[in-house]
1. Compute the separation of the alpha-carbon centres of region A:120-182 and region A:188-215 and state it in Å as a whole number.
2. Treating the beta-carbon of each Lys and Arg as +1 and of each Asp and Glu as -1, no other charges, what is the dipole magnitude of chain A about its Cα centre, to the nearest 20 debye?
3. Rounded to whole Å, give me the distance from the Cα center of region B:121-157 to that of region A:31-52.
4. Which residues among region A:238-253 fall inside the zone where the amide N is under 18 Å from a point 7 Å beyond the Cα of residue A:271, along Cα→Cβ?
5. Quick one: compute the contact order of chain A, relative version, from alpha carbon pairs under 8 angstrom and 6+ residues apart, as a percent.
6. Taking amide H positions as placed in the peptide plane 1.01 Å from N, state which residues far from residue B:114 in sequence (5 or more) or on other chains have amide H under 5 Å from it.
7. Report Rg (one decimal) and Dmax (nearest whole number) for the protein assembly as shown, counting Cα atoms only, units Å.
8. Quick one: which of A:70-82, B:67-79, B:221-233 comes out on top by average Cβ neighbours within 10 Å, and what's the full order, highest first?
Amino acid sequence: MNTTNTQKNSAIPDNHLPWDIEITPPKFLSPLKWNEFFRYKNLLGLLVYRDFVVYYKQTILGPLWWLLQPVITSGVFVIFFGFILKVPMDGGTPLMLFFLSGLTLWFYFSNSLNQIANLFASNGSMFEKVYFPRLIIPISQLLSNLMKLTLELIFLAIVYTVLCFQGAQVRPTWWLLLSPIIIFYLAVLALGFGLLFNSLTYKYKDLSLTLPFIIQIGMFTSSVIHPVSAIPKEILYYLYFNPVIPAIELFRFMLTGQGTIYPDQIVTGIVVTVVLLLLGIMSFSYTEKRFIDTI
Amino acid sequence: MKDIVIQVEHVSKMYRIGQLGHGTLQKDLQSFWARLWKREDPNTLLEMNGQGGGKPGNGRFLALDDVSFEICRGESVGIIGRNGAGKSTLLKILSRIVTPEKGLIRMRGRISSLLEVGTGFHPEQSGRDNIYLNGGILGMKRHEIKRYFDEIVEFSEIGEFIDTPIKRYSSGMKIRLAFSIAAHFLAEIVILDEVLAVGDHFFQQKCMNKMEQLLKNEGRTLLFVSHSMPSVQRMCQRGLFLDHGHLLMDAPINEVAAAYHQQHLQSNHSAASINQQSDAA
């Protein structure tokens, strides 16, 4: 073990072992290292657990807090849109069921989007100090939100059952078995859009401040609080630009058998989502190597 | 045969001085537009000239300038130099926090990089949960964390508070816990940035002994940055002397330390010309 002055000499024959880590200047797009991601799956589990538990630490109601966001919002909407503004609804869907189903999915999407779109801003201090695959953080957020969503869906099922016993005119369809696909679709959409938004905005605070508005406008334009059938014919085309609409309307259709589905709208939604995911991951792989220098 | 675990070839890193980016969207868009049409960028920062060397030329400076070295298995190497010499930049590049502008680095084996201890601690979670989470962030698997759990608790002297949320810990307890976690999860290559300066004097001594034991007995490779020459000389056999981004010297630690003091003395004579904080010592 001598400590002689090892002059730069790249001609040294490589040892028997291959190199484990290579650090090079960032290329425009470097491929994501999925195998490395796999090595950190322990961390993924720990982060999901942390996000889920920390939210309601030191509260009396505990995990019940997860339910309150959609429940309270649904209650407010039932009063405002049902009794005061009287938005036209499809058939016999009870208002509470209508709002709760839409908002449950919407909050899954918007909460995930909000977290992922602020990825660098909220985790920068950690990213500055230690290396791990950065994508672990957004994926863990999607998963811990999924646990929360599961609780909310159980609650939704309870509300549904009660409403049916009270004589509501709706019954679930067999399509409901496909609803995990919708949740997966929303997760992918939140990931793609969130990563893209994060990459575009971490440098410019002006842009990142637009996020709350985007989410608020999104809630009103994603058929969360009105059925697609209530949209005037003249502006129906805007459905094609918002990939959240088909997800929520389809979910309601599976749940109640009522809703207006345009197949071409589903196709455009999927195309938009896939494009956003690709753009999101590409922009992320570009910025993750550079943002520490600019933050 | 030399068993090289870290190979650094011609690594350079450049930073812009002052504003990072143009800061505003408007100027960035202007530059982008100019690039798109191949016009001259109105906000251009002239390209770096080869000599750089920390001189604030053209709004940029080279934090590292063509640095090359190799480290073999089991070596412990101290990196010394004044503030702004590029030490931390080098460690950050080796830790994969930032990327170099030029050059190539190759490494063998797992790396523990302790630029800070306790990264990712969550105040609401108990010491126990934080040990697991922090271990996970350091890249450890669950069974590895389990195996060392009791040792970590004992070493940190946290004792019965292990299930208390760490926001109730004193700052000393937090640091002791953080350091104990880091010290027990060391991989084959260890990168240390002054984190030994934690806790009270007794705990510092304990940390130093623990580190030495870990390094000597288990044949680990160490890269160590500190301004405290005694601890560098105690921990390391070899020294790298960085100055303004250049690797001035790569020699046994005592020679490097002598050269460093020499530079320090000289700079004291011409103190007026040096615009540096006085904490180079």
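Please treat every number below as a calculation from the coordinates, not as lab data. Fair warning: this is a prediction, and the values are worked out from it, not measured in the lab. So basically every Cβ, Gly included, is an ideal-geometry build from the backbone, and we count neighbours across all protein chains shown.
1. 20
2. Once rounded to the nearest 20, the dipole reads 320 debye.
3. Taking the Cα centre of each part, region B:121-157 and region A:31-52 sit 16 Å apart.
4. The answer is A:238-247.
5. 26
6. B:191, B:192, B:193
7. So, for the protein assembly as shown, Rg and Dmax equal 28.4, 93 Å respectively.
8. Output ranking for A:70-82, B:67-79, B:221-233: B:67-79, B:221-233, A:70-82.
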